[in-house]
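Engineer: Once you've had a glance at the structure underneath, I'll fire off some questions.
The values are calculated or read from the model by the stated rules, or taken from the named source; none is laboratory data. Predicted model only: the values in this text are computed from it and were never measured. Because the Cβ atoms are built from the backbone with ideal geometry, glycine has one as well, and the counts that use them run over all protein chains shown. Areas reflect the complete protein model, heavy atoms only, side chains present, ligands, DNA and RNA absent. Shrake-Rupley method; radii C 1.70, N 1.55, O 1.52, S 1.80 Å.
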Amino acid sequence: MKKKPSYSSCAVVTGAGGGIGRSFAEEIAKRGGRVICADVNSVSANETAKKICSLFGDDAAAPFVCDVSRKEDVDCLARYTEDWFGCPASLIINNAGVGAGGTALEDTSMEDWQWVLGINLWGVIYGCQAFLPQIKKSDHGGIINVCSMASFASAPKMAPYNASKAAVLSITETLAAELSGSEVKVSALCPAWVKTNIAQEGRISGDASKNAEKLMKWVGVNPGKIAVYALDAMDNGKLYVLPQIDGRVVWRLKRYAPDYYAKSVGLLNGLF
């Protein structure tokens, strides 16, 4: 029987300049895949690709500057991808995202809404549409959309971020239904606290930013563990990927006791 190639044999990762995205790119290379490291920050994208190439060979990775909130950038990334690989991409990881919080919905500016949705939501929409034709042509294709525990946790004072991630979860579920029975696998990655720079680099105001940084330090896991867990989950055909115990607890609590959960989460108002 012919062995199917790995999902990550020819992969593209957005937001690969740091955090979970960089860990995804490195783990893909460890597994023998080639990866395009896309990021809005050219310095970070180059750093990730350079590190991978130094460890796994000059053709293991390539940087690409891409603002995922711009459709033309993502379309250009897709064209470059097929040219650089010399074949269709086998995996797209829509990871690029920004954080926002600390402000009640009624006080959140339209500018912040547009900024968060432009990257977190539209970036995923553009990524799925631009790469799905390639993924379908691959012998063993996959899509991982990074949704976050925020997609279902609904913590207060995080409306734009929560909404963007909830929409990404719904899009991923819809894609999974549309692609059911095909060779394309779809996974929704919903990590909880991860040791990244999203709190410092996002738009999180006042005490919320400090508290988020503390939680990441105390309970956050290494992004490398998240990447390994997610890629293994895709290999096993899992749609919902919840790599941490706190995320799985919240997931079940909200589904089995939704009213109780809604009342309980309101207690977090003082924290955020």
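Engineer: Ordered by packing density, taken as the mean number of other Cβ atoms within 10 Å over each peptide's residues, highest first, how do 75-87, 103-115 rank?
Structural biologist: 75-87, 103-115
Engineer: Compute the acute angle (0 to 90°) between the alpha-carbon long axis of helix 19-30 and the principal axis of greatest extent of the alpha-carbon atoms of the chain; round to the nearest 10°.
Structural biologist: Taking the Cα atoms of the chain, the angle to 19-30 is about 30 degrees.
Engineer: Rounded, prolate or oblate: pick one for region 29-91, where a ≥ b ≥ c are the square roots of the eigenvalues of its C-alpha gyration tensor, a/c under 1.5 means rounded, and failing that, prolate if a/b is larger than b/c, else oblate.
Structural biologist: Note, shape of region 29-91 comes out oblate.
Engineer: Right, here's the next one. Which of Asn236, Asn222, Asn41 moves the most in a Gaussian network model of the chain with Cα springs under 10 Å?
Structural biologist: So, out of Asn236, Asn222, Asn41, the one fluctuating most is Asn236.
Engineer: Mean residue ellipticity at 222 nm from the helices of the chain, using -39,500 (n - 2.57) per DSSP H segment of n ≥ 4 over the full residue count, to the nearest 500 deg cm²/dmol?
Structural biologist: Counting only the DSSP helices, I get -16000 deg cm²/dmol.
Engineer: Quick check for you: with a 1.4 Å probe and neighbouring chains kept, what is the accessible area per residue of the chain, in Å²?
Structural biologist: Per-residue accessible area for the chain comes out at 47 Å².
Engineer: Further question: Is the shape of region 112-165 rounded, prolate or oblate, going by the alpha carbon gyration tensor and its root eigenvalues a ≥ b ≥ c, with a/c under 1.5 for rounded and a/b larger than b/c for prolate?
Structural biologist: Here region 112-165 falls in the oblate category.
Engineer: Continuing with the same structure: Any chance you could give the angle, 0 to 90 degrees and rounded to 10, that helix 223-235 forms with the longest Cα principal axis of the chain?
Structural biologist: Orientation of helix 223-235: about 60 degrees from the principal axis.
Engineer: In percent, what relative contact order does the chain have, based on Cα pairs under 8 Å that are 6 or more apart in sequence?
Structural biologist: Once divided by the residue count of the chain, the mean separation gives 18 percent.
Engineer: I've got another one for you. Given (i) 21.8; (ii) 19.3; (iii) 14.5, which label gives mean projected area of the Cα convex hull in nm² as computed from the coordinates?
Structural biologist: Recomputing mean projected area of the Cα convex hull in nm² here gives the entry labelled (iii).
Engineer: Compute the helix-to-body angle for 42-56: its Cα long axis versus the longest principal axis of the chain, expressed 0 to 90° and rounded to tens.
Structural biologist: 50 degrees
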